[in-house]
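The next block holds one structure in the form of structure tokens; read it before the comments.
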Amino acid sequence: MSPALLALSAGTFALGFAEFVAVSLVPAIAADTGLGLGEVGLVVGVYAIGVSIGAPVLSAWLAPASRRRVLAVSMLLFAVGNAVTALSSSLPLLLGSRLLAGLMHGVVLALAASTAASAAGPARSGQAIATVFGGLTLALVLGVPLGTLASGTVRWQFIFGAIALLSAVCGQRSRTAAVGPGQYRIACSGGYAPAQRLGHGV
């Protein structure tokens, strides 16, 4: 597996883990911050709203830009969102950081498939896409169980901090993805948006 595909796969794992682990961390966050369970529970819904906006809206708006740059910056902003979550003790900061992370989750997920396919070439595009989204599948299976286990042994801030660190590394590594100029499609809302022209390379 190439370093670029490994970074993308680890990145989608971080996306999924950040989404699903929050469900099991709500009681710990509420107890630590003094907020109500209902208030902290909003972090799950706000994240989902961010994903639903980021995937179809932001990714389409950013389509003419450099794919590598958008992917790397979005992953780094996702890391920032999780880092701020780890440092938050108030509801506005929690909700704002989770919204930012959710928005970037949508953008990265929309670009991951097309970036992987371009990096691997036509002959291996299917395998590359499957590899990248394997990270998301793993997070779906392990997110809640691992979160439940971890919440009993480490502080919830450490979990979000670890997600931020992994995301930052993946964002930096994704800049090495070998993608060239031309047409590509952005995955969103279960389908694909019209192909966009990159212009002057990536």
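The values are calculated or read from the model by the stated rules, or taken from the named source; none is laboratory data. All values reported here derive from a predicted model rather than from experimental measurement. Cβ: placed from backbone, ideal geometry, glycine included. Neighbour counts: every protein chain shown.
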| note | Scanning region 136-168 for residues that are among the polar types (S, T, N, Q) and surrounded by fewer than 17 Cβ atoms within 10 Å (Cβ to Cβ) gives T137, T148, T153
| message | Could you check region 70-121 and list, in sequence order, the residues that are over 19 Å from A22 (Cβ atoms) and over 14 Å from the mean Cα position of the chain (by Cα)? | response | S114, T115, A116, A117, S118, A119, A120, G121
| note | Over region 82-98, the set of residues closer than 18 Å to L15 by Cβ, free of Cβ contacts under 8 Å to residues at least 60 places away in the same chain and surrounded by 19 or more Cβ atoms within 10 Å (Cβ to Cβ) is S97
| Counting just the residues of region 129-152 that are closer than 16 Å to A22 by Cα and in contact with a Ser or Thr (Cβ under 7 Å, 6 or more places away or on another chain), which one comes out modelled with the highest pLDDT? | L136
| Can you tell me which residue in region 22-80 is farthest from A139 (Cα to Cα), limited to those that are polar (S, T, N, Q) and surrounded by fewer than 19 Cβ atoms within 10 Å (Cβ to Cβ)? | S66
| note | Exception for V80 within (1) in contact with a helix residue (DSSP H, G or I) (Cβ under 6 Å, 6 or more places away or on another chain); (2) of a type outside the set (S, T, N, Q); (3) within 22 Å of V57 (Cα to Cα) falls at (1)
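Can you tell me which residues in region 56-77 are among the aliphatic types (A, V, I, L, M), in contact (Cβ under 8 Å) with a residue 60 or more places away in the chain and touching a helix residue (DSSP H, G or I) at 6+ places or on another chain (Cβ under 7 Å)?
L71, A72, M75, L76
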